[in-house]
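Engineer: Below: one structure in C-alpha cells.
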Amino acid sequence: MYIKQNKDTFIRIYGRTGYIMNQLTYFDRLYNETGADFLTYITREPQKVDDIVESLTLLYDKDTDYSELQAEFQKFLKELEQFMFVTTGETLDEIDQKEPVFSYNDNPKTKLRTFIQTFDEFDVEETSELLLQKSIENPQLSCLELEITTRCNERCVHCYIPNERKNKGGNIPLHAVVRAMEQARELNCLEVSISGGDPLLHKDFSTILHYAHKCDFKITVLSNLVALSEDHIRIFKNLNIGLVQVSLYSMNEQEHDAITNLKGSFIKTKANIERLVANNIPVQISCPTMKGNYHSYKDVLSYADKMQTKSQTDFVLMAQSDFNKQNIEHRLSDHQTKELLKDIMKYDKQYTNDILCQPKKSDNAEEYMQRPLCGVGLGMICIGYNWDVYPCAGWQGYIVGNIINESLEDIWTKSEKLQFLRAIKMKDFPDCISCNSKDYCSLCLVRNFNENNGDMLKVSESHCRAAKLNRQIVEESKK
C-alpha cells in the first residue's frame with residue numbers, strides 16, 4: 001500500500017511535537033512522541049507503507065516488534081486519511097484519483113466549521129489551547145505577514161495605511177522577500193500572508209508566490225482584485241493558494257466605489273471574485289463596515305452565501321499607523337453599530353451560532369487574567385516594504401527590527417520590544433477584567449496604539465461601547 005501527504009496538508013515538527021493541518025478542511029492536530037515520529041516520515045511524494053515502517057524501526061529499540069509497529073502506523077494512517085490529511089492506495093493511480101481537491105461544487109470549507117479532537121489514543125490534546133500554551137512558553141513563529149508594497153489602486157476612506165505612503169509606491173526588493181522566507185522556513189514557520197498596498201501591483205508578485213510554494217508555506221493573498229489577470233488565476237490554481245481574501249463593501253456600485261475612491265472598482269472586484277470562484281480558488285470576502293455602508297453587510301453576506309464563500313465584517317475601524325485619526329471619522333455611531341449588530345445576529349448564522357454557543361473566555365478568572373490578548377509576538381510577525389519588522393500588519397509605528405541588519409531569528413528571539421509585548425496579559429487591563437462585556441470585546445494592542453498616539457495600554461472608549469452594544473444584542477437574541 002502507498003501513502004502520500006495531501007497537497008492541502010502541511011506538517012511541521014517542533015522538537016518532540018508534530019503538527020499537521022489541512023487548508024481544505026481546517027482540521028489540525030498536535031501529536032507527541034510516537035505520533036510526531038510517524039509524521040516525520042510522511043511526505044508529499046508517495047511511499048510504500050512497508051518502507052516507512054522499515055525506516056521507523058531504526059528509531060526504536062532493536063527489540064521493537066515489527067508487526068506491532070506496522071499495525072500502529074497503519075492505524076495512525078487510517079485516522080489521518082479519515083480527516084483528509086493523507087491519501088492511501090494500492091497503486092499510484094489510485095492515490096491520484098482519491099486525493100481530495102477544493103471545489104465549490106463539493107466545498108468542505110463551507111460545510112465543516114469546527115471539529116472536536118478524537119485521537120485520544122495518540123496523545124492528542126485540544127489543538128488551539130495547546131498551541132497557545134506552547135507559544136506562551138516558547139514562542140513559535142507560525143505566520144509571516146509580508147506587506148510587499150505600499151502601492152494601491154484604491155484610496156479607501158477607512159484604510160490604516162496613510163495615502164502619502166501609497167503615493168510613493170514603495171516595493172520590497174525580491175531578494176529581501178526571498179531572504180525573509182528562507183529564514184522563516186528555517187524557523188519552521190507554517191504560513192505566509194502576502195499583502196500590501198495591493199500585492200498584485202508588485203512586479204515580482206508571481207515570483208514571490210512561486211518561492212513561497214517552494215518553501216512549502218500555506219499561502220494567503222490579500223488583494224482588492226482590481227488588477228487580477230488570467231496569469232494570476234493560473235498561478236493561484238497551479239500553486240494551490242490556500243485563500244484569497246478580498247474586501248467588498250457593498251452590493252451597490254456607487255456605495256462601494258465611494259469607499260474605495262476608485263470608479264469602476266465594484267464592477268472589477270465583483271467580476272474577479274466570480275472568476276476565482278469559477279476556477280475553484282478559495283475566496284473569503286471581508287466587508288469592513290462604516291457610516292457609508294453599514295446597511296449593506298447583510299447584502300454582501302447574502303452574496304457570499306450564494307458564491308459559497310465565507311464572509312466577515314469588522315465594525316471597529318483602526319486609526320492610521322501614523323496616528324492620524326481622520327480615517328476613523330467614518331466609524332459607526334452607537335446607533336448605527338446597534339443596527340449593524342442586529343443585522344449580523346439575524347443574517348450571519350455562523351456568527352450567531354459561535355457567539356451563542358462558545359464558552360466564555362472569562363469562565364476561569366485566574367486563567368483569563370494570564371491570557372495574552374492575541375498572537376502578536378507569540379506566533380506572527382510582519383515585514384514591510386522597507387525591510388522593517390513590525391509585530392503585525394498595521395503596526396508600522398512600532399518597529400521591532402530590520403532584516404537588513406538582523407536575522408529574522410535574532411529579531412524573533414532577542415528583540416526587547418517583542419519581549420515586552422509577550423509579557424502583556426489581560427491582567428494589565430484592570431478595567432477590562434471587571435467589565436461585564438469582556439467576552440464580547442475585540443481588545444487589540446495595535447488599535448490602542450494607533451488611536452492613542454502610541455499608548456498601547458490605553459483602550460479607546462469607542463471599543464468599549466461597541467463591546468457593550470454587542471453584549472446587549474446577544475443577550476436580547478438569547479431571550
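The values are calculated or read from the model by the stated rules, or taken from the named source; none is laboratory data. This structure is a prediction, so every number in the text was calculated from the model and none was measured. Because the Cβ atoms are built from the backbone with ideal geometry, glycine has one as well, and the counts that use them run over all protein chains shown. Surface accessibility is based on the protein's heavy atoms, side chains included, excluding ligands, DNA and RNA. Shrake-Rupley method; radii C 1.70, N 1.55, O 1.52, S 1.80 Å.
Engineer: In debye, nearest 20, what is the charge dipole magnitude of region 350-448 about its Cα centre with +1 on Lys and Arg Cβ and -1 on Asp and Glu Cβ, if you could check?
Structural biologist: 180
Engineer: Right, something else. Provide the per residue accessible area, probe 1.4 Å, for the chain, rounded to a whole number of square angstrom.
Structural biologist: Using a 1.4 Å probe on heavy atoms only, each residue of the chain averages 46 Å².
Engineer: Beyond 18 Å between alpha-carbons counts as too far, so tell me which of Lys7/Lys270; Lys438/Lys458; Lys306/Lys349 fall in that bin. Mind showing how you got there, number by number?
Structural biologist: Working: Lys7/Lys270 29 Å; Lys438/Lys458 15 Å; Lys306/Lys349 14 Å.
Violating the 18 Å Cα-Cα cut-off are Lys7/Lys270.
Engineer: With unit charges on the beta carbons (Lys and Arg positive, Asp and Glu negative) and the dipole taken about the Cα centre of region 271-367, which residue among Gln312, Ile285, Ser296 sits farthest to the positive side?
Structural biologist: Sorting the options by dipole projection puts first Ser296.
Engineer: What ³J(HN,Hα) values, in whole Hz, does the Karplus curve 6.51 cos²θ - 1.76 cosθ + 1.60 give for region 387-393 when θ = phi - 60°, with x put for Gly and Pro?
Structural biologist: Taking θ as phi minus 60°, the curve returns 6, 5, 10, 10, x, 6, 4 Hz for region 387-393.
Engineer: How much of the DSSP bridge set in the chain is antiparallel, in percent, rounded to the nearest 5?
Structural biologist: Beta bridges within the chain, antiparallel portion: roughly 50 percent.
Engineer: Using the Cα centre of the chain as the reference point, and only Cβ charges (+1 on K/R, -1 on D/E), how large is the resulting charge dipole? Debye, rounded to the nearest 20.
Structural biologist: Numbers: 57 positive and 70 negative charges, 447 e Å.
Value, rounded to 20: 2140 debye.
Engineer: In whole Hz and in residue order, list the ³J(HN,Hα) couplings for region 442-448 that follow from phi through the Karplus curve 6.51 cos²θ - 1.76 cosθ + 1.60, θ = phi - 60°; x for Gly and Pro.
Structural biologist: In residue order, the calculated couplings are 10, 4, 8, 5, 5, 5, 4 Hz.
Engineer: Give me the orientation-averaged projected area of the Cα convex hull of the chain, in nm², one decimal.
Structural biologist: 23.2
Engineer: Going by average Cβ density within 10 Å per residue, which order do the peptides 163-174, 436-447 take, highest to lowest? The partial results should precede the final answer.
Structural biologist: Details: 163-174: 16.0, 436-447: 18.9.
Put in order of decreasing packing, that is 436-447, 163-174.
Engineer: Continuing with the same structure: Can you tell me the order of 420-428, 34-42 when each peptide is scored by its average per-residue count of other Cβ atoms within 10 angstrom, highest first?
Structural biologist: Working: 420-428: 15.2, 34-42: 19.4.
Top to bottom by mean Cβ count within 10 Å: 34-42, 420-428.
Engineer: Moving on. If each of Asp363 and Met1 carries a label point 7 Å out from its Cα toward its Cβ, how far apart are those two points in nm?
Structural biologist: Taking the two extended label points, one gets 3.7 nm.
Engineer: Given Pro46, Gly379, Ala271, which one lies farthest toward the positive end of the charge dipole of the chain, if we put +1 on the Cβ of every Lys and Arg and -1 on the Cβ of every Asp and Glu?
Structural biologist: Most positive-ward Cα: Ala271.
Engineer: Starting with the highest mean, order 12-24, 407-419 by the number of other Cβ atoms within 10 Å, averaged over the residues of each peptide. Mind showing how you got there, number by number?
Structural biologist: Numbers: 12-24: 19.0, 407-419: 16.2.
So the peptides 12-24, 407-419, ranked by packing, come out 12-24, 407-419.
Engineer: While we're looking at this one, here's another question. Rounded to a whole number, what % of the accessible area of region 230-285 do carbon and sulfur atoms account for, probe 1.4 Å?
Structural biologist: 47
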